[in-house]
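Here is the structure we will look at.
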Amino acid sequence: MQLLKSLLPLLLSLTSISATVYNFEELGALADDDSLDTAWKNGALINTTLATLTAGDTFVFPNKTFHVMGGLRSDDLSDVTISFDGTLVFSNDIDAWPKNENGDVFPSLVFNNPKNVVFTSSGKGTLDGQGGKWWGLPGIGYLRRQENRPRLFEVANGENILVENIFFLNSAYWTFWVHNVNGLEVRFCDIEARRTEKDKHTLIDITAFNTDGYDVTGRDVWIHDCTVWNQDDTIAVKDDSQNMLFERITASGVGLTIGSIGASTVKNITFRDCHMHNTYKGIYTKFRGEGGVIEDVTYENIVIENPSQWPIWIGPAQQSDSNRLCAAHPCSICWPTVPFAECNAADSQYKNILLKNITVIGGKMSPGVIMGGTSQGMGMENIVFDDVVFQDPSSKPWGDDYYKCEGVTSGVAKGKTWPVPPCFDDQTDKN
Ligand SMILES: *[C@@H]1O[C@H](CO)[C@@H](O)[C@H](O)[C@H]1NC(C)=O
Ligand SMILES: *[C@@H]1O[C@H](CO)[C@@H](O)[C@H](O)[C@H]1NC(C)=O
Ligand SMILES: *[C@@H]1O[C@H](CO)[C@@H](O)[C@H](O)[C@H]1NC(C)=O
Ligand SMILES: *[C@@H]1O[C@H](CO)[C@@H](O)[C@H](O)[C@H]1NC(C)=O
């Protein structure tokens, strides 16, 4: 073993002899030309080059702007580095965009089954999704295209993936979707999806629907020292995820989110040292159906400033999956303000959820909603709020209760927590 270890660097240097550096421009790509013809040629060149790469190779996009058609795809890449030193601008020609036989668009850039792949930049690379055209006119665009819009960056079934120093700009749909991964680190990356330059999520901005930030499923994920400003979940841990850590993230959008979760188990997830400036939601965990479990979750050292909607939500998903905006799937986004809008609890279970050292400053709505399952055995177990402190909370809509709190079998408030959710056991210092 010791011998192998000392030989390893030598072996690695031998294999790297065959390594090739492919420079996108030297291969024939055209920079600074936004014609459709060039977008297709540049795109096709990315497809063919990705298919050529073998272990040890590097594919470099030099520090220029390249317009590309989307639907770019790579299968089974292993042991390679892709360096985005400039900008890739994805076409916003919706008619020309590659689609399957049902008319569903392909993602902008997808990697299937990559192993030991590094996505990096010598500076800060940009992937620009030109989402504006896909989002369409505020309010109307969604009705027209709904969710048939391309994801910007997708990795399916990856193993040992590093993504660093990349700016993901204005995705048409979800920005970063890495699913069923085993080993992922993301660092020094930024995500932005916005219609205006306002320092808040205006009604106009929020219609850039589904511009999720970092969405992941799988095992062993570490995302740190990143930023997100978008109009949907800033981070979304989705079905069947375990062992994930998110830290030192500046996030503003629809929450540091777990969900929505269906009939699967999500376990051992930590968010810590995060700052949420003028966010929409803050801490957000959600079930979309029955039979799910979310357990061993910690949110720690988080500051939420001026949330425009719920600061803390632990419950069913507050969403509509159809073009009826107020439909309850299972809890309506119009609830509780619009009469007859429903919020149904999901028969799924929360266990061992710890919120520790959370500070919420200001905000337009009451501190939150904590809503566990109502059927036998579905109540939340071991929910702990330790130093979950609100400064100047709103009383709308829950008045002096501050929280909607139900379906909790065992909940405890500790330390300086204030206000105390009414269905929790008050073990705070004051008491
Ligand atoms: C890239 O390859 C994929 C899959 O083979 C194809 O659907 C897509 O149209 C290609 N994109 C371009 C720009 O050639
Ligand atoms: C890319 O070019 C821009 C100016 O066009 C420069 O600011 C940036 O530092 C360059 N990045 C790298 C990695 O050379
Ligand atoms: C929980 O996840 C972290 C990674 O975020 C990992 O280091 C730790 O070992 C996991 N704990 C358990 C009990 O699996
Ligand atoms: C609480 O969180 C804040 C903000 O992240 C941090 O500055 C502070 O050090 C934390 N306090 C403790 C006791 O960890």
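The values are calculated or read from the model by the stated rules, or taken from the named source; none is laboratory data. Source: prediction; values computed, not measured. Using ideal geometry, Cβ is built from the backbone for each residue, glycine included, and neighbour counts are taken over all protein chains shown. Protein only, heavy atoms only, side chains kept; ligands, DNA and RNA dropped before computing areas. Shrake-Rupley method; radii C 1.70, N 1.55, O 1.52, S 1.80 Å.
Looking only at region 40-58, decide whether some residue is under 26 Å from the mean Cα position of the chain (by Cα), open to solvent by less than 10 Å² (accessible area, probe 1.4 Å) and more than 13 Å from ligand 1 (Cβ to nearest atom).
no
Can you name the strands (runs of 3 or more DSSP E) wholly within region 222-304 that have at least 3 residues being surrounded by fewer than 24 Cβ atoms within 10 Å (Cβ to Cβ) and in contact with a strand residue (DSSP E or B) (Cβ under 6 Å, 6 or more places away or on another chain)? Lay out the reasoning, then the answer.
Working: elements: 235-237, 242-252, 254-261, 265-277, 281-287.
In region 222-304, 242-252, 265-277 are the strands (runs of 3 or more DSSP E) which contain 3 or more residues that are surrounded by fewer than 24 Cβ atoms within 10 Å (Cβ to Cβ) and in contact with a strand residue (DSSP E or B) (Cβ under 6 Å, 6 or more places away or on another chain).
Return the residues of region 197-242 that are of a type in the set (S, T, N, Q) and modelled with pLDDT under 95; say none if nothing qualifies. Break it down into steps so the answer makes sense when it comes.
As a first pass, look at region 197-242 and keep what is of a type in the set (S, T, N, Q): 202, 207, 210-211, 217, 227, 230-231, 234, 241-242.
Answer for region 197-242, where residues must be of a type in the set (S, T, N, Q) and modelled with pLDDT under 95: 202, 207, 210.
Check whether at least one residue in region 151-167 is over 30 Å from residue 20 (Cα atoms), modelled with pLDDT of 95 or more and out of contact with any Ser or Thr (no Cβ under 8 Å at 6 or more places or on another chain), and report yes or no.
Of region 151-167, the ones over 30 Å from residue 20 (Cα atoms) are none.
No - not one qualifying residue is present in region 151-167.
For region 365-381, indicate whether the set of residues that are assigned to a strand (DSSP E or B), assigned by TED's automatic domain parsing to the domain that holds residue 296 and over 25 Å from residue 308 (Cβ atoms) is non-empty. Don't jump to the end; show me each part of the working.
Looking only at region 365-381, we keep the residues that are assigned to a strand (DSSP E or B), and these are 368-371, 380-381.
Next, from what is left, pick out any that are assigned by TED's automatic domain parsing to the domain that holds residue 296: 368-371, 380-381.
Narrowing the set further to residues that are over 25 Å from residue 308 (Cβ atoms) leaves 380-381.
Looking through region 365-381, at least one residue is assigned to a strand (DSSP E or B), assigned by TED's automatic domain parsing to the domain that holds residue 296 and over 25 Å from residue 308 (Cβ atoms).
Applying the selection to region 63-96, what residues are more than 19 Å from residue 126 (Cβ to Cβ), part of a strand (DSSP E or B) and open to solvent by less than 10 Å² (accessible area, probe 1.4 Å)?
Hits for region 63-96 are 74, 80.
Give me a count of the residues in region 329-343 that are under 16 Å from residue 260 (Cβ atoms), part of a loop (DSSP other than H, G, I, E, B) and either under 22 Å from the mean Cα position of the chain (by Cα) or at pLDDT below 95 (or both).
Qualifying residue count for the region: 4.
Examine region 136-149 for a residue that is more than 16 Å from ligand 4 (Cβ to nearest atom), in the same structural domain as residue 193 (by TED's automatic domain parsing), of a type in the set (Phe, Trp, Tyr) and surrounded by fewer than 23 Cβ atoms within 10 Å (Cβ to Cβ), and state whether such a residue exists. Quick ask: steps written out before the conclusion?
Of the residues in region 136-149, the ones more than 16 Å from ligand 4 (Cβ to nearest atom) are 136-149.
Subsequent filtering for residues that are in the same structural domain as residue 193 (by TED's automatic domain parsing) retains 136-149.
This time we only want the ones that are of a type in the set (Phe, Trp, Tyr), so: 142.
So of that shortlist, the ones also surrounded by fewer than 23 Cβ atoms within 10 Å (Cβ to Cβ) come out as 142.
Yes, because at least one residue in region 136-149 is more than 16 Å from ligand 4 (Cβ to nearest atom), in the same structural domain as residue 193 (by TED's automatic domain parsing), of a type in the set (Phe, Trp, Tyr) and surrounded by fewer than 23 Cβ atoms within 10 Å (Cβ to Cβ).
Picking from 270, 227, 279, which residue would you name as being more than 25 Å from residue 403 (Cβ to Cβ) and of a type in the set (Ser, Thr, Tyr)?
227
Among the candidates 400, 426, 387, which residue alone is on the phi > 0 side of the Ramachandran plot and either open to solvent by 20 Å² or more (accessible area, probe 1.4 Å) or part of a strand (DSSP E or B) (or both)? First the steps, then the outcome.
On the way: 400 fails: on the phi > 0 side of the Ramachandran plot; 426 fails: on the phi > 0 side of the Ramachandran plot.
Of 400, 426, 387, the one residue that is on the phi > 0 side of the Ramachandran plot and either open to solvent by 20 Å² or more (accessible area, probe 1.4 Å) or part of a strand (DSSP E or B) (or both) is 387.
Please find, among 160, 100, the residue that is without any contact (Cβ under 8 Å) to a residue 12 or more places away in the chain and either more than 16 Å from ligand 2 (Cβ to nearest atom) or buried (at least 21 other Cβ atoms within 10 Å of the Cβ) (or both). Talk me through it step by step, then tell me what you get.
Numbers: 160 fails: without any contact (Cβ under 8 Å) to a residue 12 or more places away in the chain.
When all the criteria are applied, what remains is 100.
Every residue, every condition in (1) small (Gly, Ala, Ser); (2) under 12 Å from the mean Cα position of the chain (by Cα), yes or no:
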position: 137; (1), (2): no, no
position: 150; (1), (2): no, no
position: 158; (1), (2): yes, no
position: 175; (1), (2): no, yes
position: 183; (1), (2): yes, no
position: 200; (1), (2): no, no
position: 207; (1), (2): no, no
position: 221; (1), (2): no, no
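Kindly state which strands (runs of 3 or more DSSP E) lie completely within region 111-174 and contain at least 2 residues that are of a type in the set (Phe, Trp, Tyr).
Numbers: elements: 115-120, 125-128, 153-156, 159-164, 166-169.
Because the criterion is at least 2 residues that are of a type in the set (Phe, Trp, Tyr), the strands (runs of 3 or more DSSP E) in region 111-174 that meet it are 166-169.
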